[in-house]
Amino acid sequence: MPGSSTAQEPPPAVRVLRAAGRPPVPWRNGGGLTREIATAPEAAGPDAFDWRVSLAEVAADGPFSVFPGVDRTLTVVEGAGMDLLVGGEHHIVDEPLWPHDFPGDRPTEGFLLSGPVVNLNVMHRRARTRAETAVVCGTVRLSPPPGGAVLAVSLDDGAVIDGTDLRLDRYDAVLAEGASPGVLRTMGQAVVITFSQV
């Protein structure tokens, strides 16, 4: 537990990504703001990433950016939700913390159901990477697959990695590649995204 005499730092293959260090960046189409959590390869641009995870602040109806060859998963973490019009089909995303998959290369518009929302946005290039998104409560062992990665984003204050001094507050994240950081123990919920090679 944190503060105990046996607590350790996380393994070198584990990175802590603090929410406080994420500047707001305009959407690719200029219609909103996003705060990038992590991208692979690191610092890859919008046309070069294998995967990308961000928090998007949506305050008005409007179109989503189109990303050819990319699949997306949207999870509403704040607010009432959205009606997504994906390639002319309605997808009502009104269940909080329920990951919703859709193709990023189809024209998409978002309509707010009742006020602003914050979405956790996962994008991955389908020819190179597979992404699985889950919302967990309590404890979960973080286990990156061979050649892949696992990213956990805390949705509440006070999450810890057992046996380390690592504490995660709201929207802080931990990224592990190669080695498992161990068991994530949350005070509430976290979003865990597992990336594997196709």
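The values are calculated or read from the model by the stated rules, or taken from the named source; none is laboratory data. Worth saying up front: this structure is predicted, and the values here are computed from it rather than measured. A quick note on method: Cβ atoms are made from the backbone with ideal geometry, for glycine too, and the neighbour counts reach across all protein chains shown. Surface accessibility is based on the protein's heavy atoms, side chains included, excluding ligands, DNA and RNA. Shrake-Rupley method; radii C 1.70, N 1.55, O 1.52, S 1.80 Å.
May I ask you to list the residues in segment 156-198 that are on the phi > 0 side of the Ramachandran plot and crowded, with 18+ Cβ neighbours inside 10 Å?
171, 182
May I ask you to list the residues in segment 133-150 that are of a type in the set (Gly, Ala, Ser), within 21 Å of residue 74 (Cα to Cα) and open to solvent by 40 Å² or more (accessible area, probe 1.4 Å)?
Within segment 133-150, just 134 meets the criteria.
Identify the single condition in (1) open to solvent by 80 Å² or more (accessible area, probe 1.4 Å); (2) more than 18 Å from residue 196 (Cα to Cα); (3) in a strand (DSSP E or B) that residue 130 does not satisfy, given that it satisfies every other one.
Only one criterion is unmet by residue 130, namely (2).
Condition test on residue 153, is it surrounded by 20 or more Cβ atoms within 10 Å (Cβ to Cβ) and either within 19 Å of residue 22 (Cα to Cα) or among the β-branched types (Val, Ile, Thr) (or both)?
yes
Could you say which residue among 146, 181 is modelled with pLDDT under 95 and touching a Leu at 6+ places or on another chain (Cβ under 6 Å)?
Among 146, 181, only 181 is modelled with pLDDT under 95 and touching a Leu at 6+ places or on another chain (Cβ under 6 Å).
Which of the residues belonging to segment 13-37 are surrounded by 14 or more Cβ atoms within 10 Å (Cβ to Cβ) and under 17 Å from residue 152 (Cβ atoms)?
Those that are surrounded by 14 or more Cβ atoms within 10 Å (Cβ to Cβ) and under 17 Å from residue 152 (Cβ atoms): 13, 14, 15, 16, 17, 19, 22, 35, 36, 37.
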